[in-house]
Amino acid sequence: MQTYISDLLVIGAGLAGERMAIEAASKGFDVICLSIVPARRSHSSAAQGGMQAALGNSVMGEGDSPDVHFADTVKGSDWGADQECARLFVERAPIEMRQLCGWGVPWNRVQAGKDYYFKGGERFEKEEKKEKEGLITARAFGGTAKWRTCYTSDGTGHAVMCTLDNRVAQLGIRVLDKKEAIALIHDGSTCTGAVVRCLRTGELEVFRAKATAIATGGFGRIYKATTNAVICDGGGHIIAMDTGVIPIGNPEAIQFHPTGIVPTDILVTEGCRGDGGTLLDVNEERFMHIYEPEKAELASRDVVSRRMTEHMRAGKGVKSAYGEHLWLDIRHLGDKHLSTKLREVDDICKHFLAIDCRHQLIPVRPTQHYTMAGIRTDRDGAVYGMKGLFSAGEAACWDMHGFNRLGGNSLAETVVAGGIIGEKIVEFLQGYEVGFGTKEAREAVAKQEARIKALVNRSNGGEKVYAVREILQQAMMDYCFVFRNEEGLSKCVGILQEALARAQKVGLSSDGRGPNHELAAALKLEGQIKLGLCIAKAALERRESRGSHNREDYPERNDRDWLNRTLASWKEGADLPTLTYEDASPVYELPPGDRGYGGGTIIPADPAKVEAKSSKSKKKNA
Amino acid sequence: MGRKLQFEIFRFNPQDSLSVPRMQSYYLEETDKMTLFIALNRLREEQDPGLIFDFCCRAGICGACAMVINGKPGLACQTQTKDLPEKIVLHPLPIFKLVGDLSVDTGVWFREMYQKTESWIHTSKEVDPTKEEERMEDAVAEQIYELERCIECGCCIAACGTARLRPDFMGAAALNRIARFVVDPRDERTDEEYFEVIGTDQGIFGCMGLLACEDVCPKQLPLQNQLGFLRRKMGITAIKRLVPFLGR
C-alpha cells in the first residue's frame with residue numbers, strides 16, 4: 001500500500017489548512033496537504049464579503065481597536081464564546097491582514113477625499129483622510145460598532161486563497177488534491193495520520209505524520225438547503241467523531257444567513273447590506289428597523305434571520321413556487337458600485353436568477369450557512385482527547401464564535417487561527433518523536449476495506465444512500481432550523497435514529513469502482529446522521545434561546561443554567577451521542593450582559609460565579 | 001409539463017478494465033430554473049449512481065465543473081437548461097487528463113503552472129506585519145484583482161487552438177497569471193525575467209491569436225487585452241536583447 005510520511009499532515013487545503021501548513025513549512029518541517037478538490041476550489045474561495053480586523057484606517061473605523069472588536073465578537077456570540085480565544089483573535093487579526101498584504105493580497109485601499117455611502121437606503125457623505133490614503137480600507141458588516149471588514153471587491157476569500165496557495169507553492173509544500181481522508185490512524189490517545197481514499201483511482205493510501213490537522217470546513221450539506229459547497233459535508237468531523245473520544249463542541253450552534261437566494265440557496269454577501277442594501281417585504285417596504293431600531297439590517301445574522309422569519313410568519317413574505325421569501329434591495333447602490341465592489345453578486349443574479357440587480361429585487365431568505373459547531377479544541381488548537389491532532393477554521397470549535405458568529409469573523413478566523421495554531425503545531429513538533437506503529441495502521445485500513453467491501457457487495461442490505469441522506473437533510477430543515485421546540489426536536493431525534501439504522505444497511509447501486517461518488521457518499525452517511533443527531537439532541541437539551549439557537553418554548557437566554565458549551569461524543573455502537581458540558585469561557589473579560597440588539601429577556605447568572613471569573617481575567621491582564 | 005431533455009453523456013472509467021469509451025443517453029423532464037448542476041445530480045441520484053462528474057461551490061465561483069456543453073467549454077453549474085436545445089451533449093474537457101466520465105484532472109495541471117510561472121510575489125523586502133503595510137492606490141488593487149479573478153476552470157485551455165497542437169503551450173490562464181504579477185508593484189521581477197518565463201513559443205509567442213480563450217472564459221477576464229499587452233512587452237524585450245544599445 002502506498003504510504004506517505006511527513007511531519008505534519010493537513011487534511012483540507014482551504015485557508016485555515018494552508019495557513020497552518022505555511023507556518024510549519026517555513027520553520028523547516030515537512031508538510032503534506034490533502035484536499036478533496038484542487039486547493040483553490042476550497043469553499044474558502046467562495047467567501048465574498050471580507051475579514052474583520054481592527055485596523056481603523058477608514059474614517060468610518062476611527063476609534064476602532066482590538067478591544068472594540070472583542071466586545072462586538074463576544075456580544076455577537078451571545079456570550080457563548082471562549083473569551084481567551086476571542087482575545088487572541090482580535091489582537092492578531094490586524095497583523096495577519098498586513099502579513100497577507102505582504103504576500104500579495106490586493107486589498108481594497110483607502111481613497112482620500114469626499115465620497116458618499118448608503119445606510120438603511122439613505123445616502124450619507126464621508127471624507128477619507130489624506131494621511132490614510134493607500135492603506136487597507138474596510139466596509140461595514142452586521143453586529144459591528146465600526147467599519148472593520150477588510151475586503152477585495154466581493155471576492156475576498158478567492159483573493160486570499162490565491163495568495164496563500166501561491167505562498168504554499170513558493171515554499172514547495174506538497175498539496176495533493178482528489179484525496180479524501182476516511183479515517184484517522186490512532187491508538188485511542190495519539191493520532192499518527194490518516195487512511196485516505198484517492199479520488200482518482202479509488203485506492204486506499206496511508207499517510208503517517210507526527211502531527212495531523214483537520215481543516216475541512218463546515219458541514220452545512222447535512223441540511224437540504226445550504227449556501228455551502230457540496231464538499232462541506234462533515235468529512236473531517238466524522239473521522240474525528242469516529243475515534244469515540246473526540247467531542248463536537250456546541251453542535252446545536254448552526255448559523256442561518258439572512259440572504260441565501262431563492263431558489264438555489266446560493267449566498268449573496270452580507271456586504272450587500274453593509275454597503276447600504278435593505279430588506280423589503282411583500283409590500284416592498286423596509287421592516288428591519290421596526291424590530292431593531294438601532295441596527296436595523298445590520299444586526300447580527302442570528303437576529304436578522306429570526307426577524308425575517310417572524311415577519312414572514314406575520315404574513316409579510318412573498319409567495320413563490322419555491323416557498324416564501326423576502327427581497328434584498330441593492331438597486332440604489334448604483335452601477336459603478338455594483339460592477340466593482342459587488343461584482344460576484346451581480347454575476348450570481350445574472351446567472352442563477354436571470355435578473356439585473358441594478359433594476360430588480362433579489363429574492364432571499366434565511367439559509368443554513370455556517371457551523372459554529374465543530375471539533376472541540378483548546379486555545380492552542382489541540383483537539384480534546386487526542387494527542388498529535390489539531391484543528392482550525394470552521395471545522396474546529398476553538399471557540400471564538402459561541403452561538404453566533406459575526407460576518408467577516410470566520411474568514412478572518414481561518415488565517416488568524418491558522419497562523420496562531422500553526423505556531424503551536426511548530427512548538428509541538430519541536431523535539432517531539434512518535435513511533436508509527438504498524439498495528440494501528442493495519443487495523444485502520446482493514447476496517448475501511450471491510451466497510452467498502454460490505455457496501456459494494458451489499459452484504460448489510462440494499463438501502464439506497466441518496467434516499468436515506470434525503471431523510472436526514474429534510475429532518476434538519478424541518479426541526480433544526482431558525483426556530484426550534486421540544487416537540488419537533490424529539491420527533492427529529494426519532495427520525496434520525498431510524499435513519500441511522502437504515503444507513504447501516506446501505507448497499508451500493510453502482511459497482512463502486514475507481515473514483516465512484518456513490519461510494520464516497522455511502523462512506524460518510526452514518527457519520528452525517530450522527531452529526532444530525534448531535535445537533536437535534538443537543539438542541540433538545542438546551543432549554544434556552546441563545547444566539548442562533550432559538551427555542552420557541554424557552555425564549556429567554558438563561559445564563560443561570562446554560563452559560564456553557566455542549567460537548568457531544570459517540571460511544572461505539574450507541575444510537576445517541578453522550579452529552580457533557582463545560583463552562584462557556586474560562587474567564588469573563590466582558591461579563592454576560594445585554595447585546596444591545598435582538599430583544600429578549602435574560603435570566604442572569606449567579607453573580608458570584610461571574611465575579612470569580614471576571615477577577616481572574618483582570619488578574620491575568622494586570 | 002417541462003420539456004423532455006435528452007442527455008448524451010461521455011462515459012469511460014479508466015479504473016475499470018471492462019469500461020470502453022462511449023456515449024450514453026439519459027432522459028429527464030425539465031423543471032423551472034433547472035441548471036446542469038441540478039440535472040446531473042438528479043441523473044446520478046435517480047438513474048445512474050456510477051456517473052462521474054465534479055461540482056463544488058455550484059455558484060460559478062470555484063471552477064470545478066467545467067465541461068464541454070454542446071461543443072463549447074463552460075461551467076455546468078451556471079448553465080441553465082432553458083438556454084439549451086432539448087438534446088444536450090456533454091463531454092469532459094480535452095487537454096486535461098481524464099479521471100472518469102465528465103471529470104478531469106485540472107489540479108495537477110495548474111500546480112505545474114504555478115511552478116512554471118513562479119506564481120508568487122518576488123520581492124527582496126522583508127515584510128514586518130507589525131508595522132504599517134506598504135501603501136497602494138486603490139485603482140492598482142482593483143487592476144490586480146481584475147486578473148486575479150481567474151478560477152482555474154480550464155475552459156481557456158480546452159478551447160485553445162495552440163494547446164491542441166502543442167501540449168507544452170502555457171495557455172491563457174498561465175499568461176494571465178504572469179500579467180497579474182506584472183501589474184503588481186510588489187513584484188520586483190523585470191521584463192527580462194518575465195521574458196525568461198514566457199518569451200518562447202511555449203509562452204506568449206505561441207499564441208495564434210484565435211482568442212477562443214476570451215470567448216469561453218466564464219469570468220469574462222480580459223484575456224485578449226492581456227495577451228496583446230504581454231506580446232508587445234515581450235516583443236520589445238526581445239528586440240532589446242537583439243539590439244542591446246536600445247535598452248540602455
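The residues of segment A:550-578 that are farther than 26 Å from A:Phe70 by Cα, in contact with a strand residue (DSSP E or B) (Cβ under 9 Å, 6 or more places away or on another chain) and either surrounded by fewer than 19 Cβ atoms within 10 Å (Cβ to Cβ) or among the polar types (S, T, N, Q) (or both), listed by number, are A:Glu552, A:Asp553, A:Ser569, A:Lys571, A:Thr578.
B:Asp48 meets all of the listed conditions (1) at the interface with chain A (Cβ under 9 Å from one of its Cβ atoms); (2) under 29 Å from A:Val160 (Cα atoms) but one, namely (2).
Tell me whether segment A:117-140 contains one or more residues that are under 20 Å from B:Ile61 (Cβ atoms) and either away from every other protein chain (no Cβ under 14 Å) or not basic (Lys, Arg) (or both). No, segment A:117-140 has no match at all. Which number in (1) in contact with a Cys (Cβ under 9 Å, 6 or more places away or on another chain); (2) surrounded by fewer than 24 Cβ atoms within 10 Å (Cβ to Cβ); (3) within 8 Å of chain A (Cβ to nearest Cβ) marks the one condition that B:Thr130 misses? In the conditions (1) in contact with a Cys (Cβ under 9 Å, 6 or more places away or on another chain); (2) surrounded by fewer than 24 Cβ atoms within 10 Å (Cβ to Cβ); (3) within 8 Å of chain A (Cβ to nearest Cβ), B:Thr130 misses (1) alone. Do you know which residues across segment B:51-80 are more than 7 Å from chain A (Cβ to nearest Cβ), in a loop (DSSP other than H, G, I, E, B) and under 14 Å from B:Val104 (Cα atoms)? Passing the criteria: B:Leu51, B:Phe53, B:Asp54, B:Cys65, B:Ala76. Of the helices (runs of 4 or more DSSP H) entirely within segment A:262-352, those holding at least 1 residues that are within 19 Å of A:Thr227 (Cα to Cα) occupy A:271-274, A:301-311, A:343-348.
State whether the residues of segment B:83-95 include one that is facing chain A (nearest Cβ under 8 Å), among the aliphatic types (A, V, I, L, M) and either surrounded by fewer than 18 Cβ atoms within 10 Å (Cβ to Cβ) or in contact with a Gly (Cβ under 6 Å, 6 or more places away or on another chain) (or both). Checking segment B:83-95: not a single residue is facing chain A (nearest Cβ under 8 Å), among the aliphatic types (A, V, I, L, M) and either surrounded by fewer than 18 Cβ atoms within 10 Å (Cβ to Cβ) or in contact with a Gly (Cβ under 6 Å, 6 or more places away or on another chain) (or both). A search for C-beta distances below 8 Å between a residue of segment B:137-156 that is under 17 Å from B:Gln226 (Cβ atoms) and at the interface with chain A (Cβ under 9 Å from one of its Cβ atoms) and any residue that is among the polar types (S, T, N, Q) and surrounded by fewer than 22 Cβ atoms within 10 Å (Cβ to Cβ), counting only pairs 6+ apart in sequence or on different chains, returns B:Glu142/A:Thr340. When every residue of segment A:158-169 is checked against the conditions, none turns out to be of a type outside the set (Asp, Glu), free of Cβ contacts under 8 Å to residues at least 40 places away in the same chain and surrounded by fewer than 18 Cβ atoms within 10 Å (Cβ to Cβ). Does A:Thr144 count as surrounded by 24 or more Cβ atoms within 10 Å (Cβ to Cβ), in contact (Cβ under 8 Å) with a residue 24 or more places away in the chain and part of a loop (DSSP other than H, G, I, E, B)? The answer is yes for A:Thr144.
Out of the residues in segment B:137-153 meeting the condition of being among the hydrophobic types (A, V, I, L, M, F, W, C) and touching a Pro at 6+ places or on another chain (Cβ under 7 Å), tell me which one is surrounded by the fewest Cβ atoms within 10 Å (Cβ to Cβ).
Just the residues of segment B:137-153 that are among the hydrophobic types (A, V, I, L, M, F, W, C), to begin with: B:139-141, B:144, B:147, B:150-151, B:153.
If we keep only those that are touching a Pro at 6+ places or on another chain (Cβ under 7 Å) too, we end up with B:140-141, B:144, B:153.
Details: B:Val140: 16, B:Ala141: 23, B:Ile144: 25, B:Cys153: 27.
The qualifying residue surrounded by the fewest Cβ atoms within 10 Å (Cβ to Cβ) is B:Val140.
Taking the numbered list (1) crowded, with 24+ Cβ neighbours inside 10 Å; (2) at pLDDT below 95 in turn, A:Met1 passes all entries but (1).
On the stretch given as segment A:489-524, residues that are over 17 Å from A:Pro251 (Cα atoms), outside any loop (DSSP other than H, G, I, E, B) and away from chain B (no Cβ under 13 Å) total 11.
One line per residue, one yes/no per condition, for (1) in contact (Cβ under 8 Å) with a residue 12 or more places away in the chain; (2) of a type in the set (A, V, I, L, M); (3) buried (at least 24 other Cβ atoms within 10 Å of the Cβ):
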site: A:Met60; (1), (2), (3): yes, yes, no
site: A:Gly63; (1), (2), (3): yes, no, no
site: A:Gly76; (1), (2), (3): yes, no, yes
site: A:Trp79; (1), (2), (3): yes, no, yes
site: A:Gly102; (1), (2), (3): no, no, no
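In segment B:170-202, the qualifying residues are those that are of a type in the set (Asp, Glu) and assigned to a helix (DSSP H, G or I), and the one that is nearest to B:Glu137 (Cα to Cα) is B:Asp191.
Within segment A:594-603, the set of residues being surrounded by 15 or more Cβ atoms within 10 Å (Cβ to Cβ) and either within 23 Å of A:Gly244 (Cα to Cα) or over 25 Å from the mean Cα position of the chain (by Cα) (or both) comprises A:Gly600, A:Ile602. All of A:Gly220, A:Gly155 fail the test of being touching a residue at least 40 places away in the same chain (Cβ under 8 Å) and either at the interface with another protein chain (Cβ under 10 Å from one of its Cβ atoms) or touching a Gly at 6+ places or on another chain (Cβ under 7 Å) (or both), apart from A:Gly155. The residues of segment A:429-477 that are away from chain B (no Cβ under 14 Å) and charged (D, E, K, R), listed by number, are A:Glu433, A:Lys439, A:Glu440, A:Arg442, A:Glu443, A:Lys447, A:Glu449, A:Arg451, A:Lys453. Taking the conditions (1) among the polar types (S, T, N, Q); (2) over 30 Å from A:Thr212 (Cβ atoms); (3) away from chain B (no Cβ under 14 Å) in turn, A:Thr371 satisfies each one other than (2). Considering segment A:63-109, and only residues there that are among the basic types (Lys, Arg) and within 26 Å of A:Ser153 (Cβ to Cβ), the residue that is farthest from the other protein chains (Cβ to nearest Cβ) turns out to be A:Arg92.
Here is a check on your reading of the model: is A:Glu297 within 29 Å of A:His158 (Cβ to Cβ) and out of contact with any Phe, Trp or Tyr (no Cβ under 9 Å at 6 or more places or on another chain)?
yes
When you check A:Thr259 against the structure, is it polar (S, T, N, Q) and in a loop (DSSP other than H, G, I, E, B), yes or no? No. Of the residues B:Leu28, B:Leu5, the single one that is more than 9 Å from every other protein chain (Cβ to nearest Cβ), in contact (Cβ under 8 Å) with a residue 60 or more places away in the chain and either aromatic (Phe, Trp, Tyr) or not in a helix (DSSP H, G or I) (or both) is B:Leu5. Here A:Lys119, A:Lys114 are screened, and the one residue that is farther than 28 Å from A:Asp302 by Cα, of a type outside the set (Phe, Trp, Tyr) and in contact (Cβ under 8 Å) with a residue 12 or more places away in the chain is A:Lys114.
When segment B:99-111 is filtered for residues that are more than 23 Å from A:Val105 (Cβ to Cβ) and at the interface with another protein chain (Cβ under 10 Å from one of its Cβ atoms), the ones remaining, listed by number, are B:Val99, B:Gly100, B:Asp101, B:Ser103, B:Asp105, B:Thr106, B:Val108, B:Trp109.
Of the listed requirements (1) in contact with a Cys (Cβ under 6 Å, 6 or more places away or on another chain); (2) more than 10 Å from every other protein chain (Cβ to nearest Cβ), B:Ala39 misses just one: (1). The residues listed here are B:Leu230, B:Leu211; of these, the one that is within 18 Å of B:Arg180 (Cβ to Cβ) and aliphatic (A, V, I, L, M) is B:Leu230.
The values are calculated or read from the model by the stated rules, or taken from the named source; none is laboratory data. In this text, all values refer to a predicted model and were calculated from it rather than measured experimentally. All Cβ positions, even for glycine, are placed from backbone atoms using ideal geometry, and neighbour counts span all protein chains on display.
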